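Read through the structure below, which is laid out as structure tokens, and then see the notes.
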Amino acid sequence: MCAKKNNTIKKQSQRILFLYLNTGNGHKTIANSVKKGIECYPHFLEKDKLFLKHGFNPKYRLLTMFYEGGYRFTIDYLPGAYSFFYDINCNKHVLNISKHFTVWGNVRYLKHIVKKHTITKIVSFHFAVSPIAEKVIQRYFPHIQLINVITDPYTAHPAWFLTKKAGYVFFSQQLADYYVPKCNIDNYTIQPFPIHPIFKKRIKQKNNTEQFKVLIAGGGEGFKKALNIAKCFAKKEAAISLVIVCGRNKKLQKQLERIIKQHPLFDLQVYGFVHNMHELMFQSDCVISKCGASIVHEVLASGKPYIISQYIHGQEKGNMHFIKNNNCGWFIQDEKKIYQKVIELKNNQEYYDTICKNIEKCTIDSDLTEISKYIINF
């Protein structure tokens with residue numbers, strides 16, 4: 001559904017620039033999914049080009065370290081500091097200061113990219129790079145159009161809406177209903193959250209094996225709580241198979257491998273960084289993870305009950321409530337209670353089937369046709 005539609009297919013050559021930051025893997029993951037959708041769209045011609053670029057000047061390492069490294073560090077070790085920074089930046093005066101801080105030093109860098117690749121359209125997948133794109137457009141390339149893809153589907157920070165003349169892609173009706181009138185947005189679209197098309201091949205039933213298989217994953221940086229959860233499961237005598245993906249977290253992987261040696265009868269499989277997460281989800285009976293937008297929708301698309309063990313203040317709160325409000329899973333922090341919930345799912349087929357039916361009602365769709373059409377025709 002679009003507030004403003006243009007049904008005419010633009011036939012001139014398009015050179016579209018996608019901008020992202022690595023504050024978590026979600027922004028780039030969504031950008032890649034949309035990129036694949038557009039490249040497969042019938043009206044994206046051979047002469048058209050799409051470029052995926054990091055939004056910050058690589059020479060300004062301090063700024064990148066602040067946003068990306070600071071994000072990972074505070075999320076893992078100082079969640080209270082992250083919450084404070086998130087909340088204080090909701091103040092419009094502080095937000096404007098942060099805006100100028102990110103724009104400074106990056107305008108010339110982005111100008112160079114736009115000129116080098118003869119860009120005709122910019123799509124931002126991170127709120128911190130949108131003001132940079134807006135400044136470059138205003139100062140040097142007024143013919144270029146800007147689209148903001150709001151990667152937080154249910155609760156988005158006000159920083160997403162600092163740009164005035166831009167199109168917006170929302171991934172939920174509730175977020176659009178809140179921000180469209182508040183920010184006077186007149187060109188937007190509401191689309192299904194973009195996930196990999198492989199999830200169309202969803203497997204809804206439990207595995208036909210004796211053991212109940214549980215997948216624990218936490219994105220590229222791994223899931224720190226996986227260690228305590230694994231220790232709790234290893235102490236119990238139950239037919240549970242645990243699969244843990246550690247991502248790039250080598251320390252966590254080694255700690256889990258020691259558990260395998262200490263409990264040789266416990267069915268624990270440990271992986272580093274994987275490229276077949278969809279297969280691991282399909283093969284599991286339930287998933288324990290964080291609450292990032294991409295993994296939430298991938299788990300639901302795979303049809304598996306979801307246990308959320310942690311979520312990031314502000315931006316992921318809406319994801320957690322979406323899972324709970326639709327009775328697709330639970331927010332449980334204590335590893336003993338997580339174990340109890342898994343046993344309940346394993347032993348109660350009727351209960352398990354009810355949760356799966358609730359997931360089915362969410363109708364998670366991986367069709368990227370409409371979002372591709374919106375970006376191309378904007």
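Selection within the range 148-178: residues that are in a helix (DSSP H, G or I), touching a residue at least 24 places away in the same chain (Cβ under 8 Å) and open to solvent by less than 30 Å² (accessible area, probe 1.4 Å). The member of this set that is farthest from residue 56 (Cα to Cα) is 175.
Pull up the range 350-367, narrow it to residues that are without any contact (Cβ under 8 Å) to a residue 24 or more places away in the chain and open to solvent by 70 Å² or more (accessible area, probe 1.4 Å), then point me to the one that is farthest from the chain's Cα centre (by Cα). So, considering only residues that are without any contact (Cβ under 8 Å) to a residue 24 or more places away in the chain and open to solvent by 70 Å² or more (accessible area, probe 1.4 Å), the one farthest from the chain's Cα centre (by Cα) is 350. Within the range 303-322, the set of residues being crowded, with 21+ Cβ neighbours inside 10 Å, more than 15 Å from the chain's Cα centre (by Cα) and within 25 Å of residue 71 (Cβ to Cβ) comprises 306, 307, 309. Might you check whether a residue that is free of Cβ contacts under 8 Å to residues at least 40 places away in the same chain and either more than 24 Å from the chain's Cα centre (by Cα) or not in a helix (DSSP H, G or I) (or both) occurs anywhere in the range 21-33? Scanning the range 21-33 turns up no residue that is free of Cβ contacts under 8 Å to residues at least 40 places away in the same chain and either more than 24 Å from the chain's Cα centre (by Cα) or not in a helix (DSSP H, G or I) (or both). The single condition among (1) farther than 21 Å from residue 242 by Cβ; (2) part of a helix (DSSP H, G or I) that residue 342 does not satisfy is (1). When restricted to residues that are touching a Cys at 6+ places or on another chain (Cβ under 8 Å) and not in a helix (DSSP H, G or I), the range 345-367 contains 1. Taking the listed residues 254, 231, 213, the one that is modelled with pLDDT of 90 or more, over 30 Å from residue 378 (Cα atoms), touching a Ser or Thr at 6+ places or on another chain (Cβ under 8 Å) and open to solvent by 30 Å² or more (accessible area, probe 1.4 Å) is 213, with no other qualifying. Of the residues 38, 88, 97, the single one that is open to solvent by 80 Å² or more (accessible area, probe 1.4 Å), of a type in the set (Val, Ile, Thr) and either within 22 Å of the chain's Cα centre (by Cα) or over 30 Å from residue 277 (Cα atoms) (or both) is 97.
Looking only at the range 229-259, residues that are among the aliphatic types (A, V, I, L, M) and in a strand (DSSP E or B) come to 5 in all.
Considering only the range 42-57, how many residues are farther than 15 Å from residue 13 by Cβ and either in contact (Cβ under 8 Å) with a residue 40 or more places away in the chain or outside any loop (DSSP other than H, G, I, E, B) (or both)? Going through the range 42-57 one residue at a time, the tally reaches 6.
Considering only the range 132-147, I want to know if a residue exists there that is in contact (Cβ under 8 Å) with a residue 24 or more places away in the chain, open to solvent by less than 10 Å² (accessible area, probe 1.4 Å) and touching a Phe, Trp or Tyr at 6+ places or on another chain (Cβ under 7 Å). Yes: one or more hits.
Within the option set 196, 157, being at pLDDT below 95 and over 24 Å from residue 73 (Cα atoms) holds for one residue only, 196.
The values are calculated or read from the model by the stated rules, or taken from the named source; none is laboratory data. All figures in this text were calculated on a predicted structure; none of them were measured in a lab. Virtual Cβ from ideal backbone geometry, glycine too; neighbours counted across all protein chains shown. With ligands, DNA and RNA removed, areas are computed over all heavy atoms of the protein, side chains included. Shrake-Rupley method; radii C 1.70, N 1.55, O 1.52, S 1.80 Å.
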